[in-house]
Amino acid sequence: MKKIFTKQNIVRLALFVGAVVLIMLAMPRDNRRTYLYEKNQPWRYPLLTAQFDVPVMPDSATIKHLQDSIDRQFVPFVIESTEVAEKNIAEFRENIRQQNVADVEWLVSMLRTIYNRGIIDNAINEIVEAGNMDYVRTTHHDEPDNFISTLPTGAMLTSREAYLMIDSLYSSRHKDANLSITKINDYLQPNILSDIEADEKFKTQEYLNVTGAQGVIKQGQRIVDRGEIITPQIYKNLQVYEEMLSQHSSLSKHENFYLLGKVVYTLIVLGLFFLFMKVYRKSMFDSIRQMTFLMTFITLFSVFTMLMAEHIASGLYISPFAAVPVIILIFFDSRTAIFSLIATILLCAQVATNQFQFIFMELVVGLVATFSIQQLSRRSQLLRTAFYAFVCYSVCYIVTVMIESGSIDGINWRIFGVFGINTVVLSFAYVLIFIIEKVFGFTSTVTLVELSDINNALLRRLAEEAPGTFQHSIQVSTLAADAARAIGANTQLVRTGALYHDIGKMESPIFFTENQHGVNPHNGLDPDVSARKIISHVAAGLNLAAKEKLPRVIRDFITEHHGKGVAKYFYTTACNESPNAKVDPANFMYPGPNPQTKETAIMMMADAVEAASRSLKEYNAESISGLVDKIVDGQMMDGLFKESPISFKEIEIIKNTFKMRLGTIYHSRVEYPKLNNPQTQTT
C-alpha cells in the first residue's frame, strides 16, 4: 500500500483527473457540431438528420419580400373622434352669433355634415391615396368584444378640401358675402386620427404570420444531404437547427449516454498516453516536473482548441496543432512529441464536424513539422516549418474535399485564409518556448546554441583569464559532440556543457597544468592540499554558474564531469610519499555525483581522454588507442558509469570515435625535404 500512495502516484493521479475534468468542462454539453457552409454551395458533410422537430422558417429574402408586401397593402387604423367634431361645431356656433353672417344655421349644418363625412390628416390621406384604399379600419374599444369596423374613404376630406367645399357652396348662395371673416377653417380640424398603437399591434401580428413556421422537419428526417446545393431555405433551416442545438440544454437519456461516451473516450486517450510514458519513457514518467509539463501542455492546448471551435467560426483550424510536436521535441524527443500530437488530435477530434478530414490534416501537418525541425537552433527554422504547415494544410484539405465530393466544386476558398492565420500563430511558438523555459526550468536547443557562442561574456572571460582551460574546453567540446552524434545522444547539450564544465578554474587558473608556463605552484605543497585546490574548481564552477544563472542541465556537467572519481595524480603522490601510512582516498575524491545521463558520461570520458592525450610522447594509432582504452576502461572499473543509462556497446562506439578524432587532431605531418644545392633554385 505504501508503494501505491507515493507522492509521485498522487501527483500523477491529480494530473490525470484534472486533465479529464478540464477537457470535459470545455466540451460542448450536447451532441452539437459546428458546420462550415455557404449559400449556393454544395453540402460537404454526410447526411444531416434532425435530432428533434425543427420548424421550417422562411429565409431572410422571403421574409423581407413578404414584409414589404404587408407594408404596401396594410390598411391603417384610425380613431374617429366625436369630441373634436362637437367641440369645433359648438365653438363655431358661438363665434358666428357675434357676427353679421347670413345663413348661420346652414353653415353649422354644413360643418356638421363635413365632420360626419370625416376630416382626415395629411399623413393618413397620403397613405390612402398611395394604396388606393377604399376604406380604413377602426377599433371599438368601448364595445364588449372590441370589434373592428371599416370606414369608407371616398367621402372623407382633408381640412383644406373641406374649407374649399364650404366656401364654394356658400359663395354660390350669397354672391356678395365674405365667408373668410368667419375664419371657418380654424374649426375644420381632423376628427379621423391615426391609431399608431393599433397599427403596430396588427402589423406585428401580420409579420408573425409570414415569419412564423411554414412547416416542420420531424425528428429523424433529412435536413440536407452530401452534395446538395444549399438554397436560401436550406441555409435558413440549418441556422434554425444550430440555434436550437445551442439552446437544447435538457439532458435526455440520449444526451446522458453522449456525455458518458465522451468521458470514457477521454479516459482511454489519456490512459494510453500515460501507459506509453510508463513503458517507453520511464525516466520522464518518474519525473513530476516533466509529467506536469506534458499533461498541462496537452490539456490546456486541447481546452483552448475546443473553446476556439465553440466560439469562433473555423476556430478548430486556427489552433496550431503543429506547435505541439515542435515544442515537445525541443525539450524531449521525437517519439514523445509524436505520441503527444496523436493524443491531442484524438482529444480535439471530439468537437470536429468532419473528423476524417480533421484527423488526416492535423496528423500530416504535425508529422511534417516534426520531421522538418529535428533541432530548433534558429528562429528561421520556425518560419520554414510554418510554411511547410500551410502547404500541407492546403494540399490535405483539397484532397479530402475531392475524396468526399468527387470534385473541387466544394472547396471553400476562405479556409485558406484560416490556414494562413494558423501558420502565423505557429511562427510565434518561439515566445511560448521562452515562457516554458522560465516556468518549468527546461532548456531548449535555442538556449544551448546561444550559450555555446564563444563570444558569450562568460566564455570570453574564460578565454582571457584561463586561456589553456578555454582551449581544453573547446577540444573536449569537439570530442564529446562527435561521440554524442555517434550514439544518438543530445549533441548540442554535450557541446555546450563541455564549454562550461571547467569555468571554476578561473578562480585559480595557475594551479591547473594547461594554464602554467614554467611555474608550478603545487611544488612544495602537500598532495592533499593540492588535491583540495584542484577539486575546489567544481564548487567554484557551481557558484559561478548560479551567479550567471546558467541552466540546471549545464550545471550538471560541472558537478558530474569528474563524478566521485579520485584525483589520482595527487593520491598516488601521497601514497608514494608515505609508503608505510594508510592514505584515505576520501581526501582526494571529487564531490560528485557520478554521471546521471549519457551526455554527462560522454563528457567525463572526453574530458579525461583529452587531458591525458597531451601527455603522450608519440602520437600514432597504437598510442592513441591504448590511451583511450586505458582511460575509459579505468573509469568503468571505478564504477563511474553505473548510474548512467549508457550501454557497453555505446561506450565502445564512443571509444572508437575518440580514437578517430584524436588521430585526426594529432596526425603525423610530412617532413619537407631539404634543398641539397641551393644554386639550382630558380627565381
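The values are calculated or read from the model by the stated rules, or taken from the named source; none is laboratory data. Since the model is a prediction, treat every value here as computed from it, not as a measurement. Glycine gets a Cβ as well: all are built from the backbone with ideal geometry, and neighbour counts include every protein chain shown. The area values use the complete protein model at the heavy-atom level, side chains included, leaving out ligands, DNA and RNA. Shrake-Rupley method; radii C 1.70, N 1.55, O 1.52, S 1.80 Å.
The charge dipole of the chain, taken about its Cα centre with unit charges on the Cβ of Lys, Arg, Asp and Glu (plus for the first two, minus for the last two), comes to roughly 3720 debye. Rolling a 1.4 angstrom probe over the chain with all protein chains present gives an accessible area of which 57% lies on carbon and sulfur atoms.
Over the chain, DSSP H runs of length four or greater, each weighted -39,500 (n - 2.57), average out per residue to a 222 nm ellipticity of -20000 deg cm²/dmol.
Backbone phi angles across segment 631-640, fed through the Karplus curve with coefficients 6.51, -1.76 and 1.60 (θ = phi - 60°), yield HN-Hα couplings of 5, 5, 5, x, 5, 5, 5, 7, x, 6 Hz in residue order; Gly and Pro are listed as x.
Between the amide H of residue 223 and those of 48, 49, 50, distances stay under 5 Å, these residues lying 5 or more places away or on another chain, with hydrogens modeled in the peptide plane. As a rough guide to protection, the peptides 585-595, 470-480, 84-94 ranked by mean Cβ packing within 10 Å, highest first, stand as 470-480, 585-595, 84-94. Using the 1.4 Å probe convention, the accessible area of segment 426-481 works out to 44 Å² per residue with neighbouring protein chains retained. For a straight C-alpha distance cut-off of 18 angstrom, the lysines reachable from residue 278 (same-chain residues fewer than eight places away being disregarded) are 3, 7.
Take the Cα of residue 615, step 7 Å toward its Cβ, do the same at residue 355, and the gap between the two points is 6.8 nm. Scoring 54-65, 601-612, 402-413 by mean Cβ neighbours within 10 Å over their residues and listing the highest first yields 601-612, 54-65, 402-413.
Once all protein chains are placed together, residue 243 keeps about 100 Å² accessible to a 1.4 angstrom probe. If one takes the longest principal axis of the Cα atoms in the chain, at what angle in degrees, from 0 to 90 and to the nearest 10, does the Cα axis of helix 598-613 lie? Roughly 30 degrees, rounded to the nearest 10.
Accessible surface for segment 318-424, divided over its residues, is 39 Å² per residue with a 1.4 Å probe. For residue 228, the solvent-accessible surface computed with a 1.4 Å probe is close to 50 Å², ligands and nucleic acids excluded.
In this structure the amide hydrogen of residue 78, modeled in the peptide plane, comes within under 5 Å of the amide hydrogens of 137, 138, 139, 195, none closer than 5 places in sequence on its chain.
Relative to the longest principal axis of the Cα atoms of the chain, helix 288-311 runs at roughly 20 degrees. With both labels modelled 7 Å from their Cα along Cα-to-Cβ, the residue 456 to residue 83 distance reads 9.4 nm.
For the residues 392, 575, a 1.4 Å probe over the protein chains yields an accessible-area ranking, largest first, of 575, 392. Residues 334, 283, ordered by accessible area of protein heavy atoms at a 1.4 angstrom probe radius and largest first, appear as 283, 334.
Centre-to-centre separation between the Cα atoms of segment 340-402 and those of segment 436-464: 31 Å.
Of all beta bridges DSSP finds with both residues in the chain, what is the antiparallel percent, to the nearest 5? Around 80 percent of the beta bridges assigned by DSSP in the chain are antiparallel ones. In order along segment 87-93, the phi-based Karplus estimate (6.51 cos²θ - 1.76 cosθ + 1.60, θ = phi - 60°) of 3J(HN,Hα) comes to 5, 5, 5, 5, 5, 5, 4 Hz; Gly and Pro are listed as x.
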